[in-house]
Amino acid sequence: MSLAVRFEGIEKQFGPVRVLHGVSFDLKPGRIHGLLGENGAGKSTLMKILAGYERANAGEMVIDGRRADFRSSREAEHAGIVLIHQELNLADHLSITQNMFLGHELRRGFFLDEPAMRDAARDALTEVGLHKNPDTRVRDLIVAEKQLVEIAKAMLRNARLLIMDEPTATLTPSETQRLFALMARLKEAGVTIVYISHKLDEVERVTDEVIVMRDGRFVARSPTDEITRHQMANLMVGREVSDMFPDKPPLAADAPVAFKVDQASVPGWAEGVSFSVRAGEVFGFAGLVGAGRTELFEALVGLRPLSAGTIAIENGTVKLKSPRDAMRHGITYLSEDRKGRGLHVDMALKDNLTMMTLERYAHPLVDMHAERVALEVAVKDFGIRTGNAKSRARMLSGGNQQKLALAKFLHPDPRVIVLDEPTRGVDVGAKRDIYFLIHRLAAEGRAVIVISSELIELIGLCHRVAVMRAGELVATLGMELLTEERLIAHATGTH
């Protein structure tokens, strides 16, 4: 059942950029391997080579003692190797069943065997804990549900080696527990698992051994029970990582209210939510997936209808009908979906940066020199590692894409900043950079609102944290009360 894999001197280049430098290590069969590294370390590229989505320029893979060179993902799947992508690989307009069997349809004679596919899809969904009608269109699912569909789809391929790339990034704690139980069952059945994650607590909990890559090279491996999280982080970044969170900027006793919401309601998502944020404050929003946090703020900035409530920015009541309206009043919202709503990944870096403030650069023709200067300043201020400033946004690593998105949404110089899952899918080094940036923004007197599913992040960053449950704001906790236990208790209704 299990697959044994050995990489020998694997190299990969994209144009002039070499991303893998002679990588050699093996994956022992029937074990869960934690594959760690910062964004850009080469781990996802190496796994895409293993799964047939890319081909190496040099070196070779040996699978069960035989040399392998997959020309497509279908070839890899025939060998029992399945990759669950970090970036969801689903067709929104198709049903769950159609997505799960796309390219692998079951037939009865000349016709598709739709009842058999629907039954198999339902069983796989139940296995991962998603109780949805298999005929549901994928576009009607939330991000966490789409992730579970990806995992269920992989289950149908009868994988002997399963690669999971950030599988819990959008999952609730209970969904994560279900996934871990599923991984344990797969391991017992002899499946080899590669688990890629930036959540070192999860790696520590579910893996048998840890393999670390850095800058396209293999750097270390260790049994998981013989290495600490701190040592993992140090190996990933190649230096001592300490003080992940800066000291919280002091909040002046007379700091004015910068953003106030009174009795806001969003149809189907939030009811009667009231809160205020002061200038210089980092204010967090906690809650389980589906609690209504994202939908509330999408309505507050004009992305969806707000059925009731008032919004005040610096003591002036405003009506925000669109994100552009919000920007004119000094508020910007960075979506949790950086590739869908944050960046245009096929556009150049400077075009992404200046898109929201194009009127500054058009007189009436666009001043491209001024745009380039603005990008140079942003690259320096936000620590964006670009490689080539003329490249497209999709060529950046996840952490650098997020820094570019932050630079873009801060370019209009807002007074109120809403960041939805600002470090999702971001490595430990980039996380630290973003945390320090958030505190710098607060120290400048801006109001910063952070929506996050990582409780340690909220505790380390925020002066206060509001907790939402089932569309209602159920508690607001000050710094002295911020613990994981309290936040979970309020979010789950067990307080």
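Structure values in brief
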| item | result |
| --- | --- |
| Segment Ala443-Arg18, extension gain: residue separation times 0.36 nm, minus the distance between their alpha carbons | 149.1 nm |
| Qualifying aspartates and glutamates (Cα of each under 13 Å from Cα of Lys199; at least 8 residues distant if same chain) | Glu38, Asp165, Glu166, Asp427, Glu454, Glu457 |
| Alpha-carbon gyration tensor eigenvalues x 5, square-rooted, for the chain, Å | 38, 27, 23 |
| Of the DSSP H helices in the chain, those whose Cα atoms cover at least 30 Å axially and whose Kyte score averages 1.0 or more | none |
| Of Lys43/Lys187; Lys12/Lys153; Lys48/Lys431; Lys321/Lys390, those spanning more than 32 Å from alpha-carbon to alpha-carbon | Lys321/Lys390 |
| Highest to lowest packing among 147-153, 125-131, scored as the average C-beta count within 10 Å | 147-153, 125-131 |
| Rounded if a/c under 1.5, otherwise prolate or oblate - the stretch 5-237, Cα gyration tensor axes | prolate |
| Calculated FRET efficiency for the pair Lys199/Lys319, C-beta based, R₀ 41 Å, to 0.05 | 0.55 |
| Computed lengthening from Ala312 to Ala253, 0.36 nm per intervening residue step minus Cα-Cα distance | 19.2 nm |
| Anisotropy class of the stretch 257-492 from Cα gyration tensor, a/c 1.5 cut | prolate |
| Estimated [θ] at 222 nm from DSSP helical runs (n ≥ 4, -39500 (n - 2.57)) normalised by residues in the chain, nearest 500 | -9500 deg cm²/dmol |
| Highest-first arrangement of 416-425, 137-146, 102-111, where packing means the average Cβ count within 10 Å | 416-425, 137-146, 102-111 |
| Label-point separation in nm, Leu102 to Asp262, each point 7 Å along Cα→Cβ | 4.8 nm |
| Segment His93-Asp243, length gained on full extension (0.36 nm per residue, minus Cα span) | 49.5 nm |
| Gyration tensor verdict on the stretch 354-417 (Cα atoms; rounded if a/c is under 1.5, prolate if a/b is larger than b/c, oblate otherwise) | oblate |
| For the stretch 471-495 and the stretch 363-433, distance of Cα centres in Å | 33 Å |
| FRET efficiency, Ser391 to Arg74 (Cβ-Cβ, R0 30 Å, nearest 0.05) | 0.50 |
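Coordinate-derived values only; no laboratory data. Not measured: the values here are computed from a predicted model. Ideal geometry is used to build each Cβ from the backbone, glycine not excepted, and the neighbour counts take in all protein chains shown.
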